[in-house]
Amino acid sequence: MSKNLVIVESPAKAKTIEGYLGKDFTVASSMGHVRDLPKGNQAIDIEHNYAPTYEVSPEKKDIIKNLKKLADDAEVVYLASDEDREGEAISWHLKEVLDLNDAKIRRIVFTEITKNAIQNAIKNPRGIDVDLVDAQQARRVLDRLVGFELSPILWKKIKTGLSAGRVQSVAVRLVVEREREIEKFEAKSSFRVAAIFDLGNGKQLIAELAEKLDEKEARDFLESCKGAEFTITDLQKKPARKSPAPPFTTSTLQQEAGRKLGFSVLQTMVVAQKLYEAGKISYMRTDSLNLSDEAVQGATRQIETAFGKNFVHHRKYKTKSSGAQEAHEAIRPTDFSLTDPGMDRNAQRLYDLIWKRAIASQMADAELERTTATIGISTNSRTLTATGEVIKFEGFLKVYLESHDDEDSEPEEDSRVLPPLNISQKLALDEMNATQTYTRHPPRYTEASLVKKLEELGIGRPSTYAPTISTVQKRGYVVKESRDGTERKYVTLTLKQNNVSSATASEITGAEKNKLFPTNTAMIVNDFLVEHFPEITNYSFTADIELKFDEIANGKLEWQKMIDRFYRPFHKTVAITEKVERSSVSNKSRELGVDPKTNLKIYAKLGRYGAYVQIGENPEDGKEGKPKFAPLRNGQFLESLSLEDALELFKLPRQVAEFEEKPVVVNIGRFGPYVLHDKKFVSIPKGEDPYTISGERSVELIKAKREADANKTIKAFPENPDIQVLNGRFGPYIKAGKKNVKIPKGKIPADLTLEECVTLAENAPEKKGRFFRKKT
């Protein structure tokens, strides 16, 4: 048995580290946390200074048993969990569970899994940092107290199954408030003027009017330019520089991976974890911008080799956050000479992004020359402006340019290269256009831009962003989806050959791709929390809690005192809110008016499966007749739904056509919108509206479904209709009654006989149930 035991968090990490240590070391994995607070109200002893009770997770008992045996046989146990609060807590829990004394354990940390880093960590062990452990305990205890006391209030006052969390509730509030900003937004139109000048030899110059005009002003301006002379009155050339962005932190990696690669925040962290555990990148949970001297040297060598010494420019970036993650570097490659991590496609794409960003941070500025030409108009005091730029030295642009979110992006400098121009040069106008444009509402959050907003507000830390955003979606408060835009008309005025004409065109506006939308549940829960628990959803208060955790981590504050200052007033508020009448919760149920056909009242309500409208009273109200129900459409909210909107919702089911002398009916069911024809259901594809889908399109879907079903059947057996050979999503298979049977390799599906199919079905193992759990 080895003299030394090293315990890490994951098997992948253990496998990588084993290759760097000799035969005197055994490396084992704890598979993450081994203990946690149990469910129920006995986890935290509030009256005894908030003492937590921990228990080993059932699925970790065998792991603990194995680690205990290895630890008992070892002379020294190295606790090598991650270098952050969660990692420190894992080491402390391992020490407690394995009953290890201080003389036997060594706490080691590293921010990258390389041979040098691992061997240096072994040579420089330390003890467990109790302050970091306390900070993690404080977060865990506080969040449990909030959730345990707040969730039952939501069950009683709104609906069962709801839950609330300290950081999650703030994230939901951000999404809700942005949606309401958009709801209130009124687009205003203006006209932007652009002129196209013909310079001859196929060259053009495009210039714009800086001001935005209304329609009358735009028409008057174009009229005033009839017969005008256009002359370059000023020409300025100015040098400019662009500097690279700093290397990635957790937040900026999540944002850029979302923008450039289309990754969700969770996907980014999963892929980054794989890269870290394979030793390809440094630790991926960090808000530090620092690069070690060794990393800067590695980047320098790579830049010099690939581009030359003139592309090198060393930079030290200062971390803005006062509570930056402890002792970490920015996210970077462990070996800058490695451009291919030799892993799957997503890992390659994310590694490439990290590599480029880190390399670019140590490269020279890009040098530009920006040209601005001012064009005078003989018949008008206004001037037009043409801008362009030329890259004189690429610098870091040779490798990487940061992208931007909708809400952050400023209009880029015009990157057109202007043709040779001279002051006093006369320009021949080809045409001038004044195009109607509209102001845009504030953009909805993407996962990445929500992370950025949380970071700006000081809410959460690198390890919390991904679980926070995943949780609010899992709990049904926020949905991430794409939505089609709507058609909008706009006007273009054109001056050409001294004639001003007008034309109307249309554009699609308001289309959204992978944006975060609040649900009706989110709206109601958010308003309830803001009204009755303002501190829980207060941005500055939540950020202040994060600073308190930082103080605990730095040994400046006792965690129990911090919890007590929060919990006592919070608990009193819970007791007061218990007395709030369920019926008083705003927007949970609204009477919209009366149905003109039946003279029955129409209500908008929040139910177990979401928001809906109802005609008539509930049976328990003592009224006769059965009420009718209809679900709300995407983007409709209880708080703003009108009677007219509700009446539209009751237009389903609707007959849209007749096909083969049978009606074609569109409706919405438990599994979404569908077309019903001849007792057969055909799903309506996502993005198509059952309220507006045409009869022709519905028939197309019916025919497409028939064709797909026909192609699905490879072979049927009339003598035994229960047996079929079918084409499935993952390839051909045998359907035997309710049993799906895999076809062995080497067998040609079309050549299978009935006897072969029956034999394969009989010998196929029974499929485990959906909720099967391995016994421990």
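The values are calculated or read from the model by the stated rules, or taken from the named source; none is laboratory data. Model, not experiment: these values are computed from the prediction. Positions of Cβ are generated from backbone atoms using ideal geometry, with glycine treated the same way; all protein chains shown enter the neighbour counts. The accessibility values were calculated without ligands, DNA or RNA, using every heavy atom of the protein model including side chains. Shrake-Rupley method; radii C 1.70, N 1.55, O 1.52, S 1.80 Å.
Some observations on this one:
- Subset of region 530-549 that is more than 26 Å from the chain's Cα centre (by Cα) and surrounded by 15 or more Cβ atoms within 10 Å (Cβ to Cβ) - its residue that is farthest from W155 (Cα to Cα): K548
- Residue in region 105-116 that is part of a helix (DSSP H, G or I), out of contact with any Ser or Thr (no Cβ under 9 Å at 6 or more places or on another chain) and open to solvent by less than 30 Å² (accessible area, probe 1.4 Å) present: no
- Residues within region 272-289 that are open to solvent by less than 10 Å² (accessible area, probe 1.4 Å) and among the aliphatic types (A, V, I, L, M), tallied: 4
- Only residues that are within 36 Å of the chain's Cα centre (by Cα), open to solvent by 30 Å² or more (accessible area, probe 1.4 Å) and not polar (S, T, N, Q) were counted in region 31-45, giving 6.
Okay, residues lined up against (1) part of a loop (DSSP other than H, G, I, E, B); (2) open to solvent by 50 Å² or more (accessible area, probe 1.4 Å); (3) out of contact with any helix residue (DSSP H, G or I) (no Cβ under 8 Å at 6 or more places or on another chain); (4) among the basic types (K, R):
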{"residue": "G342", "(1), (2), (3), (4)": "yes, yes, yes, no"}
{"residue": "R357", "(1), (2), (3), (4)": "no, no, no, yes"}
{"residue": "E367", "(1), (2), (3), (4)": "no, yes, no, no"}
{"residue": "G376", "(1), (2), (3), (4)": "no, no, yes, no"}
{"residue": "I391", "(1), (2), (3), (4)": "no, yes, no, no"}
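- Residues of region 633-647 classified as open to solvent by 30 Å² or more (accessible area, probe 1.4 Å) and in contact (Cβ under 8 Å) with a residue 12 or more places away in the chain, total: 9
- Top-ranked residue of region 56-77 - restricted to ones that are of a type in the set (G, A, S) and either more than 18 Å from S2 (Cα to Cα) or not in a helix (DSSP H, G or I) (or both), ranked as least open to solvent (accessible area, probe 1.4 Å): A74
- Of all residue pairs spaced 6 or more apart or on separate chains, those with beta-carbon atoms under 8 Å, a first member in region 190-206 that is among the aromatic types (F, W, Y) and a second member that is outside any strand (DSSP E or B) are F191/K212; F191/D214; F191/E215; F191/E217; F191/A218.
- Test: T372 is outside any helix (DSSP H, G or I), within 26 Å of the chain's Cα centre (by Cα) and on the phi < 0 side of the Ramachandran plot: no
- Failed criterion for E256 (all others in (1) open to solvent by 40 Å² or more (accessible area, probe 1.4 Å); (2) of a type in the set (D, E); (3) farther than 30 Å from F637 by Cα hold): (1)
- Residue within region 212-223 that is more than 30 Å from S501 (Cβ to Cβ), open to solvent by less than 80 Å² (accessible area, probe 1.4 Å) and within 42 Å of the chain's Cα centre (by Cα) present: no
- Set side by side, the residues E531, E546, E558, E535 differ, and just one is at pLDDT 95 or above and charged (D, E, K, R), which is E558.
- Residue list for region 455-491, restricted to those being charged (D, E, K, R) and either closer than 16 Å to E179 by Cα or open to solvent by 30 Å² or more (accessible area, probe 1.4 Å) (or both): E455, E456, K474, R475, K480, E481, R483, D484, E487, R488, K489
- Residues in region 376-404 that are within 19 Å of K426 (Cβ to Cβ) and among the aliphatic types (A, V, I, L, M): I377, L384, A386.
- Residue in region 119-138 that is assigned to a helix (DSSP H, G or I), more than 21 Å from G87 (Cα to Cα), of a type in the set (A, V, I, L, M) and at pLDDT below 95 present: no
To keep it simple, each residue is scored yes or no on (1) of a type in the set (D, E, K, R); (2) within 30 Å of H48 (Cα to Cα); (3) open to solvent by 90 Å² or more (accessible area, probe 1.4 Å).
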{"site": "A553", "(1), (2), (3)": "no, yes, no"}
{"site": "K572", "(1), (2), (3)": "yes, yes, yes"}
{"site": "L592", "(1), (2), (3)": "no, no, no"}
{"site": "N599", "(1), (2), (3)": "no, no, yes"}
{"site": "G607", "(1), (2), (3)": "no, no, no"}
{"site": "Y612", "(1), (2), (3)": "no, no, no"}
{"site": "E617", "(1), (2), (3)": "yes, no, no"}
{"site": "L649", "(1), (2), (3)": "no, no, no"}
